[in-house]
Amino acid sequence: MRSTARTGPIPPGGRSASSSPGSSSRARRSADRLRPGRGASWRRPPSCARDSSSVSPDIKNLSRAELERWCMDAGEPPYRAAQILAWVHRKGAADFAAMSSLPRALRARLAEAFTLGRLEPAVVAEARDGTRKLLFRLPPADGKRPAAIESVLIPQVDRPTGARDRLTLCISTQAGCGMGCGFCATAAMGLVRNLFPAEIVGQVSAGGALAAPRPLTNIVLMGMGEPLANYDAVRTALEILTAEWGYAISPRRITVSTVGLAP
Ligand code: SF4
């Protein structure tokens, strides 16, 4: 049986030694190309890894600490990271050129170093009770096959105790799952791949857009996948979802559901 754990406060710049460079020589060469200056210490973190055809990482995969390192290596003050991330996540900028409070030269460097992706549902299906299922098609990554994931928007109205109506979004953290729970249809797929932080957070962005003008009241990490089997990406995604520069969702309204895996 699954247990659930509400998230505690996410420390700023919550990533740790796991942000070390990828091990393959190809990953190191790609990171070197992306370094903003000579002698720089910034490396493409594992959460930015992409399929070999992709050159620029999606900036939505970065934690604040990772982007602060990039800023310092680019000769920018670290506080720029929160400004950039506010444009990326809170203001939903469509491209780097739209980030009008940033110096023009910095916007140009960001556009050279990163992409700014957006996750859009390929299919939205609605049930009679108002529950909506969002299907996302994901590109192949890390040499794995293309994948599809689901999110579910679950309205809960006319709650008997007079509590306010809820609109809960259930999101996925992996494509498929390797945990093999006997009652679960996802288990039959096996694990296709881990999701990137941008793909986890992108489900919240897409679900929120679909729900508008009603706000999402709760987020549950209870869709496809075992969240703690994709710990680094989930941790970065939770930082983005709870940060003031991000989605500013109270940790009390986010639930992580796990089979009990210890990361
Ligand atoms: S998604 Fe994975 S962990 Fe969750 S119930 Fe299915 S097999 Fe188990």
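The values are calculated or read from the model by the stated rules, or taken from the named source; none is laboratory data. Keep in mind that what you see is a predicted model, and the values were worked out from it rather than measured. Note: ideal-geometry Cβ built from the backbone for every residue, glycine included; neighbour counts use all protein chains shown. With ligands, DNA and RNA removed, areas are computed over all heavy atoms of the protein, side chains included. Shrake-Rupley method; radii C 1.70, N 1.55, O 1.52, S 1.80 Å.
Points to keep in mind about this one:
- Of all residues in the stretch 160-185, those satisfying the criterion of being open to solvent by 30 Å² or more (accessible area, probe 1.4 Å) and either more than 8 Å from the ligand (Cβ to nearest atom) or not in a loop (DSSP other than H, G, I, E, B) (or both) are Pro160, Thr161, Gly162, Ala163, Arg164, Asp165, Arg166, Gly182.
- When the residues of the stretch 186-225 are filtered to those that are surrounded by fewer than 19 Cβ atoms within 10 Å (Cβ to Cβ) and within 16 Å of the ligand (Cβ to nearest atom), the one that is nearest to Thr173 (Cα to Cα) is Val220.
- Complete set of residues in the stretch 73-130 that are open to solvent by less than 50 Å² (accessible area, probe 1.4 Å) and in contact (Cβ under 8 Å) with a residue 60 or more places away in the chain: Ala82, Leu85, Ala86, His89, Gly92, Ala113, Gly117, Leu119, Pro121
- Tabulated pairs, the stretch 176-191, first not assigned by TED's automatic domain parsing to the domain that holds Pro227, second at pLDDT below 95 and assigned to a helix (DSSP H, G or I), C-beta under 6 angstrom, 6+ apart or interchain: none
- Check on Asn218, closer than 24 Å to Ile59 by Cβ and assigned by TED's automatic domain parsing to the domain that holds Arg164: no
- Close pairs (6 angstrom Cβ cut-off, 6 or more residues apart or separate chains): closer than 10 Å to Cys177 by Cβ in the stretch 219-232, within 8 Å of the ligand (Cβ to nearest atom) and open to solvent by 30 Å² or more (accessible area, probe 1.4 Å) anywhere: Glu226/Met179; Glu226/Val259
- Residue, nearest to Asp165 (Cα to Cα), within the stretch 235-263, restricted to residues that are touching a strand residue (DSSP E or B) at 6+ places or on another chain (Cβ under 7 Å) and within 16 Å of the ligand (Cβ to nearest atom): Thr255
- Matching residues in the stretch 197-223 - criterion: being touching a strand residue (DSSP E or B) at 6+ places or on another chain (Cβ under 6 Å) and more than 15 Å from Leu153 (Cβ to Cβ): Ala198
- Flag for Pro213 being over 23 Å from Ser250 (Cα atoms) and in a loop (DSSP other than H, G, I, E, B): no
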